[in-house]
Amino acid sequence: MRFLPFLVAVLLIRGGAGPGARAQSAARHAASADAFPASMAGDSGAAGSVYVPVDSWMYAALDRLHALGYVDTAYLGLRPWTRLSIAHMLEQSADDMRADSGNDEARTIYFALLRAVEPDRRHAASGGAYAALESVYEELRGMSGTPLRDSFHLGQSVVNDYGRPYGNGFNDYSGLSARAGAGRLSLYVRGEVEHAPAAPGYSPALAEFLSDTVDGIPFAANPVQDTVPEGPIAAAGAVRVMEANVSYHLLNHEISFGKSDHWMGPGKGASMLWSNNAEDIYAFEIDRVEPLRIPGLSWLTGPFRYDFFVGSLKGHTYPNDPWVHVEKISFKPTRDLELGFDRMVIWGGKGHEPITLRTFLRSFFSVQNVPVAVKDSRRDPGARFGTFDFSYRIPGLRRWITVYTDSLVHDDVSPISAPQRSGIRPGIYLARFPHCEHLDLRAEAASTDTPVSSAQSGQFLYWEGVQRQGPTNKGFLVGDWVGRQGKGGQAWLTYHLSPREEVQIEYRNAKAASAFIPGGTTQNDFAAEVRKRVMETIEIYGRVQYERWRAPLYMPGMQSDARAEVRITWFPRE
């Protein structure tokens, strides 16, 4: 396995850490396990910090801790978070945690998270340089049947997977991640070697129909499209940079460039604007990583956080190489209520309009409908999408139930002003059961099948008359896997063995309307997964999934596919 060379090399590199160093690390670990943190010593506000990838166990743990009534400064609709921002959330919750000595489940989660970010607290306090190998992993995935991998049309069998290649047969992903920092500067890198077998793909007739009729893209002039997986599809085997970014910390902002995760909604199953369903893009970003209080205004709205990033979308042919910018602002009027507003614009592209400061500013400030003649010209402000989300811990049950909603609209300022034209993803999270503190339940629904999209055969949400491949990167939607003019939902029942270990069963359903895909589509997925630490530094993750799907336009009758995977990850101690 390709995992073994990585492991051998890393062990050789780290072989210089002798018994004394390991003893000091163990002592620090023990000390942090039973002590509440004080405010960080030194000028921690001048220290940079890397982001925690959105597929980390830490987000599920923080979600639970928030739903149990703590970490009030966590902004669920604006992720990822930096390691130091997580440390600050925990520090600011220390008094509440100390006062509530009877909540053993919350305290266990709290201290597990505190141990995870303790190295970052030390680095920030000392101000010195550091470098650390974060993880080394090997993932083996076997699939049978005919899985779907077309989020723009017929559906996906594997979702929120960074757009990794997959197919019937043996799939393999070997990777590692590392981070480093010095003062205000920080660096994060994550890469992997990927292999996926060849696949038959769509027939030429189906590819032409989806392109010409469904997407409105002349197939003869655009025969190769990432959004239409026409076959045969060659086997995949390449090295991919998953994340790679360098950032500078300035006035509680991380100013960065590179590939970074983004998750712009409060849901677990998807974010309607931006998620990890597609490969990350290279972008320039300015992110307010700590809450901001504005004198006077924050008396009414509470503290703010905001984020901005801009970069290029790949895999587009109509037009080729457009760019995208995203802005979000979230605020918390109360400790239990969070509100968020996003805006995303896709603009430019070869043969349509150039990517310049002028065209960027035009798209940034445009908030009104424009005539078709303008859309078809070099004065096009771009494809504009807006979202609104909220999360709320129910009064009287604030340590039990959290409700939340994510919503998306196209060519309107906000879903609040045009609810009938908006897609929506509501959810509810029961963080514990009576007499069973380790068990939780979450359920979410999703719909992009609005009355407007029904009248236009899917050519509304996640599609635009000029930017016809919509918010996709290398063929995958960057937003919700429910896709264009779809309905669906998910539910998870999870038993937490510890903050880093769990057993979970999941159900997922997705349907595309027959007005969008002739005959419609239906997917039903049933899955179970286990995450277990066999040692402090070794995690084993396993998942089995069975899917039944129907897409008469593609294949007659009911089809099925199955997936089984195992991932072994080594997390070196610092």
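The values are calculated or read from the model by the stated rules, or taken from the named source; none is laboratory data. A quick note: this is a predicted structure, and the numbers were derived from the prediction, not measured. Cβ atoms come from the backbone with ideal geometry, glycine included; neighbour counts cover every protein chain shown. Protein only, heavy atoms only, side chains kept; ligands, DNA and RNA dropped before computing areas. Shrake-Rupley method; radii C 1.70, N 1.55, O 1.52, S 1.80 Å.
Per the Kirkwood formula on distinct C-alpha pairs, the Rh of the chain is how many angstrom?
Computed over Cα pairs of the chain, the Kirkwood hydrodynamic radius comes out at 24.6 Å.
Could you tell me the distance between the Cα centroids of the stretch 176-195 and the stretch 369-442, to the nearest Å?
Computed from Cα coordinates, the inter-centre distance equals 31 Å.
Report residue 318's accessible area, 1.4 Å probe, all protein chains in place, as a number in Å² to the nearest 10.
Roll a 1.4 Å probe over it and residue 318 shows about 70 Å².
Relative to 2.2 N^0.38 Å, what does the C-alpha radius of gyration of the stretch 354-451 come to as a ratio? Two decimals please.
1.57
Could you tell me the relative contact order of the stretch 209-289? Use alpha-carbon pairs under 8 Å, at least six residues apart, and round to a whole percent. Let's see the in-between values first.
On the way: 89 pairs, mean separation 18.7, N = 81.
For the stretch 209-289, the relative contact order is 23 percent.
Using r as the Cβ-Cβ distance of residue 115 and residue 140, and R0 as 30 Å, what FRET efficiency do you calculate, to the nearest 0.05?
Here the calculated transfer efficiency is 0.55.
Would you kindly state how much longer the chain becomes between residue 294 and residue 355 on full extension, computed as 0.36 nm times their sequence separation minus their alpha carbon distance, in nm to one decimal?
Once the chain is fully extended between residue 294 and residue 355, it gains 18.6 nm.
In Å, what is the Rg of the alpha-carbon atoms in the stretch 131-279, and how long is Dmax?
So, for the stretch 131-279, Rg and Dmax equal 18.6, 57 Å respectively.
Which sequence of 57, 299 reflects their accessible areas, 1.4 Å probe, from the largest down?
Ranked from most to least accessible, the order is 299, 57.
Can you tell me the 0 to 90 degree angle between the C-alpha axis of helix 57-67 and the longest principal axis of the chain, rounded to 10?
Between the helix axis and the principal axis of the chain, the angle is about 80 degrees.
Ignoring ligands, DNA and RNA, what accessible area per residue does the stretch 499-541 give at 1.4 Å, in Å²? Write out the running numbers ahead of the final one.
On the way: 1770 Å² over 43 residues.
Averaged over the residues of the stretch 499-541, the accessible area is 41 Å².
If I compute solvent accessible area with a 1.4 Å probe over the protein chains, what percent of it on the chain is carbon and sulfur?
Values: 14000 of 22020 Å².
For the chain, the apolar C and S fraction of the accessible surface comes to 64 percent.
Round to the nearest 10 and give me the degree value, 0 to 90, for the angle of helix 3-13's Cα axis relative to the longest principal axis of the chain.
Tilt of helix 3-13: around 40 degrees.
At 1.4 Å probe size, with every protein chain present, just tell me what the per residue accessible area of the stretch 177-284 comes to in Å².
With all protein chains present, the stretch 177-284 gives 36 Å² per residue.
Pairs 332/511; 332/375; 332/532; 350/487; 259/532; 350/511: which exceed 32 Å Cα-Cα?
From the list (332/511; 332/375; 332/532; 350/487; 259/532; 350/511), the Cα-Cα distance tops 32 Å for 332/511; 332/375; 332/532; 350/487; 350/511.
Calculate for the chain the 222 nm mean residue ellipticity that helices alone would give, adding -39,500 (n - 2.57) per DSSP H run of length 4 or more and normalising by residue count, nearest 500 deg cm²/dmol. It would help to have the intermediate numbers written out before the result.
Working: 11 runs with 105 residues, N = 574.
My calculation for the chain gives -5500 deg cm²/dmol from helical runs alone.
How tilted is helix 19-33 with respect to the longest principal axis of the chain? Cα atoms for both, answer in degrees (0 to 90, nearest 10).
80
Assuming a ≥ b ≥ c are the square roots of the Cα gyration tensor eigenvalues, decide whether the stretch 248-309 counts as rounded (a/c under 1.5), prolate (otherwise, with a/b larger than b/c) or oblate.
Verdict is oblate for the stretch 248-309.
Take the Cα pairs of the stretch 423-471, get the Kirkwood Rh, then feed it into Stokes-Einstein at 20 °C and 1.002 mPa s and tell me D in µm²/s.
Translational D for this selection: 158 µm²/s.
I'd like the FRET efficiency for residue 182 and residue 403, computed as 1/(1 + (r/R0)^6) with the beta carbon distance as r and R0 of 56 Å, rounded to 0.05.
My answer for the efficiency is 0.85.
Find the centroid of the Cα atoms in the stretch 475-499 and in the stretch 110-140, then give the distance between the two in whole Å.
28
Any idea of residue 439's accessible area? Nearest 10 Å², probe 1.4 Å.
Surface open to solvent at residue 439 totals about 40 Å².
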